[in-house]
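Notes follow the structure.
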Amino acid sequence: MTVSAFVPIKKFSSSKERLSNVLDSIDRSKLAEQMAKHTIKTLFDSNICDSITIVTNDKDLRFINTVSYFTELPLNQALHEAIASKPDHDITLVMHADLPRINEKDLQKFKDSFTKTKISIISDLHKIGTNCLMYDSSLNFNLKFGEDSYALFIKEFESNELMHQEICLPSLQDDLDSEEDYFKLNQYING
């Protein structure tokens with residue numbers, strides 16, 4: 001089973017704008033970079049995937065043990081294009097980079113819970129957004145990352161008669177999308 005991970009990361013200078021009331025642009029950029037490095041390192045160290053592709057609109061963005069796929073397309077189109085450019089894998093994993101509590105143990109649990117007959121989805125804690133998606137690469141459906149993505153993904157799966165399973169792992173559900181998240185996760189962010 002060959003697993004290819006795809007991690008969308010936009011330019012750090014334009015990241016985390018929802019935190020502009022608590023962090024200036026320089027600190028938001030540093031925070032986005034710190035979280036991305038932590039997520040990528042943890043993903044690599046977990047050994048759950050055979051490759052990691054960063055899908056980005058930053059031509060200069062590079063991480064050790066990854067390849068970068070540059071595109072200026074909107075998020076879902078960019079991911080579809082990047083995934084299609086790497087046809088030699090069995091399983092696709094899409095994971096966001098703003099997961100301060102991510103750890104190797106829970107990544108392994110996520111992989112161990114996967115079955116090729118179902119799409120595995122991890123929402124955020126509020127079941128609004130989608131933090132991780134793992135699925136058999138032969139499945140055909142539209143990616144729905146963005147606002148209200150969890151409900152949109154469930155609707156997409158149901159309309160295409162695709163079986164799915166929700167995976168609850170708080171370390172992969174705790175993301176950084178709001179000021180409330182920032183203050184709650186500050187101990188993980190600042191380490």
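The values are calculated or read from the model by the stated rules, or taken from the named source; none is laboratory data. The structure presented is a predicted model; accordingly, all values stated were derived computationally and were not measured. Neighbour counts are summed over all protein chains in view; Cβ atoms, including those assigned to glycine, are modelled from backbone coordinates with ideal geometry.
Assorted remarks:
- Here THR117 passes the criteria (1) out of contact with any strand residue (DSSP E or B) (no Cβ under 6 Å at 6 or more places or on another chain); (2) in a strand (DSSP E or B) except the one numbered (2).
- The strands (runs of 3 or more DSSP E) found wholly in region 37-108 and carrying at least 3 residues that are more than 18 Å from ASP175 (Cβ to Cβ) occupy 51-56, 67-70.
- Every condition in (1) at pLDDT below 95; (2) of a type outside the set (S, T, N, Q); (3) exposed (fewer than 12 other Cβ atoms within 10 Å of the Cβ) is met by TYR188 except one, and the failing one is (3).
- Screening region 48-75 for residues that are of a type in the set (S, T, N, Q) and over 16 Å from the mean Cα position of the chain (by Cα) and picking the one that is surrounded by the most Cβ atoms within 10 Å (Cβ to Cβ) gives THR71.
- Checked against (1) more than 13 Å from the chain's Cα centre (by Cα); (2) hydrophobic (A, V, I, L, M, F, W, C); (3) surrounded by 15 or more Cβ atoms within 10 Å (Cβ to Cβ), ALA84 passes all but a single condition, namely (3).
- Scoring GLN108 on the criteria (1) in contact with a helix residue (DSSP H, G or I) (Cβ under 8 Å, 6 or more places away or on another chain); (2) polar (S, T, N, Q); (3) surrounded by 15 or more Cβ atoms within 10 Å (Cβ to Cβ) leaves a single failure, condition (3).
- Test for GLU166: is it within 16 Å of the chain's Cα centre (by Cα) and in contact (Cβ under 8 Å) with a residue 12 or more places away in the chain: yes
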